[in-house]
Amino acid sequence: MTYEVVIGIEVHAQLRTRSKMFCGSGTMFGLTANSQTCPICLGLPGTLPVINQAAVEMAVRTGLALNCTIGSTNRFARKNYFYPDLPKGYQISQYEEPICEHGWIEIATDEGKKKVGIRRAHLEEDAGKNIHETGTDGSRVDFNRAGTPLLEIVTEPDMRSVDEVVAYLKSLRETLIYQEVCDGDMEKGNFRCEPNVSLRPVGQKAYGTKVELKNINSFKFVKDAIEYEIKRQTKVLNEGGKIQQETRLWNIDRGETAVMRSKEEAHDYRYFPDPDLVPLRITKEWVDQVRSTLAELPAERRNRLEKEYGLSEYSAGVLASDKKFLDYFEECIAEAEKLGYSKIEVGRELANCITVDFRGLSRRGDTITPPNPHLFHRDPYQYAIGPLAISIPAKNLVELVDKKMKGEISGPTYKAVLEEMFNTRQTAAEIIEAKGLRQVSDEGEIQRIIDEVLGKNPTQVAQFKEGKQQVLGFLVGQVMKASGGKANPGKVNELLKKKLAS
Ligand SMILES: [Zn+2]
């Protein structure tokens with residue numbers, strides 16, 4: 001029997017507000033346990049929640065970017081369950097009247113573009129974190145995360161393969177980062193996904209029984225977990241078994257999913273409207289105001305980059321996927337225009353520099369300690385993985401690229417200077433001056449080195465004159481070496497050929 005895979009996804013995106021969903025406590029990541037708490041997010045008796053306006057606006061902005069209808073009235077509900085990391089014994093969420101509904105997002109698949117339906121997106125608060133450490137006296141709870149605003153984004157069961165899932169998650173994450181509503185940092189847990197997977201015989205309309213996979217925080221694990229689940233369900237069905245509706249956890253070490261809990265229904269949570277919060281009205285004026293702040297959408301940006309700067313699809317894709325990269329790129333372009341370059345002239349060169357050459361530098365950031373830590377991004381985690389090289393001022397980078405484009409420095413010198421700029425924050429001119437890296441194009445100077453090299457290698461010169469052309473490469477190499485890599489290679493070739501022919 002061949003089966004069709006049916007996948008829907010819930011994503012919990014942490015909104016980038018400075019304070020929590022219903023109180024003024026901060027939302028910084030990685031602080032001392034329980035240092036960002038107050039009586040409200042600790043659920044102490046007698047406290048009352050107050051809705052965070054910024055969180056609501058971020059939810060509306062996301063809804064608009066995802067082509068959703070924004071609910072004019074929406075209501076918060078209590079989702080009741082007991083767990084030590086949930087101080088109130090319920091989570092404030094939205095149930096019957098979510099803030100966003102009936103949207104869609106476009107994804108790129110092998111068969112072309114496809115729309116994935118967004119069923120709803122609703123606001124809720126996050127729980128705290130249980131900490132189980134071996135070697136200490138039991139478990140503890142950190143409530144710093146308790147009450148942090150989340151937007152839960154739920155799709156229709158529209159995806160039919162693992163590739164579509166990955167395309168959806170990338171597209172959604174990109175959109176959230178672009179609208180500046182979520183950092184999308186999966187390892188910090190501020191973009192977590194829960195796919196649900198079911199199979200049905202090809203041609204059958206009714207959906208099969210679905211299995212939910214809980215809290216997965218990397219694209220790779222999502223892929224692995226779904227692939228495993230498809231195989232597991234296929235095997236169960238082929239052997240005549242039945243799929244149980246359940247929630248399963250992905251075990252990274254064992255590479256398999258395991259049952260976490262069996263079927264749960266909405267009524268298990270006894271949802272009811274939170275009596276502490278009045279229904280939230282969102283006026284058309286408010287929605288229009290938020291709409292006016294919407295950032296350019298990623299797909300639009302990619303197209304614009306290809307057209308305006310003549311970038312390749314690859315470069316445009318990389319730049320468009322990270323707002324920090326793109327803002328920096330456009331800042332560099334503005335600097336280059338001051339030097340008289342047109343966008344098309346300098347676009348590709350700068351894009352290559354940022355999308356290719358910077359990658360190496362950022363990776364190196366994993367191991368080196370920046371000599372000037374305060375000049376770099378303050379977040380140590382981002383330092384390790386992020387496009388850190390964008391800490392080089394745009395003006396300085398353009399100065400370097402300008403020298404490369406004018407042929408004042410060679411390719412290898414350009415790379416060496418870039419790395420030095422990254423490490424020391426000096427300007428290209430300072431580094432080139434200090435290290436004597438200026439490319440030698442002066443014919444007299446190159447001629448002098450050529451004479452010296454030819455004098456030292458009479459055998460090779462004789463071989464060349466007997467017709468052994470390959471020797472030329474060797475001689476060019478010797479001249480470059482003698483110049484300390486600074487001679488202009490084009491000039492060296494030209495002058496050397498002339499000299500050997502004479
Ligand atoms: Zn609080």
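The values are calculated or read from the model by the stated rules, or taken from the named source; none is laboratory data. Given the structure is predicted, the values throughout are model-derived calculations rather than measurements. Because the Cβ atoms are built from the backbone with ideal geometry, glycine has one as well, and the counts that use them run over all protein chains shown.
Tally the residues that are modelled with pLDDT of 80 or more and either assigned to a helix (DSSP H, G or I) or within 25 Å of the chain's Cα centre (by Cα) (or both), restricting the search to segment 318-342.
14
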Just the residues that are within 30 Å of P279 (Cβ to Cβ) and part of a loop (DSSP other than H, G, I, E, B), please, taken from segment 123-156. D126, A127, G128, F143, N144, R145, A146, G147, T148, E156
Taking the condition in contact with a Phe, Trp or Tyr (Cβ under 9 Å, 6 or more places away or on another chain) and within 11 Å of the ligand (Cβ to nearest atom), does Q36 pass? yes
Identify, by number, the condition in (1) under 26 Å from P273 (Cβ atoms); (2) in contact (Cβ under 8 Å) with a residue 60 or more places away in the chain; (3) within 15 Å of the ligand (Cβ to nearest atom); (4) among the hydroxyl-bearing types (S, T, Y) that S19 doesn't meet. (2)
Only one of these is of a type outside the set (S, T, Y), modelled with pLDDT under 90 and away from the ligand (no atom under 15 Å from the Cβ): F29, F76. Name it. F29
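Here's the yes/no breakdown for (1) aromatic (F, W, Y); (2) within 30 Å of P49 (Cβ to Cβ); (3) more than 16 Å from the ligand (Cβ to nearest atom):
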site	(1), (2), (3)
T148	no, yes, no
L213	no, no, yes
Y228	yes, no, yes
Q244	no, no, yes
Residue by residue through segment 318-336, note down the ones that are more than 16 Å from K404 (Cα to Cα) and out of contact with any Ser or Thr (no Cβ under 9 Å at 6 or more places or on another chain). A320, S321, D322, K323, K324, L326, D327, Y328, E330, E331, A334
Any residue in segment 140-158 that is of a type in the set (V, I, T) sitting within a Cβ distance under 6 Å of a residue that is assigned to a loop (DSSP other than H, G, I, E, B) and more than 15 Å from the ligand (Cβ to nearest atom)? List the pairs, counting only those 6 or more apart or interchain. V141/P84
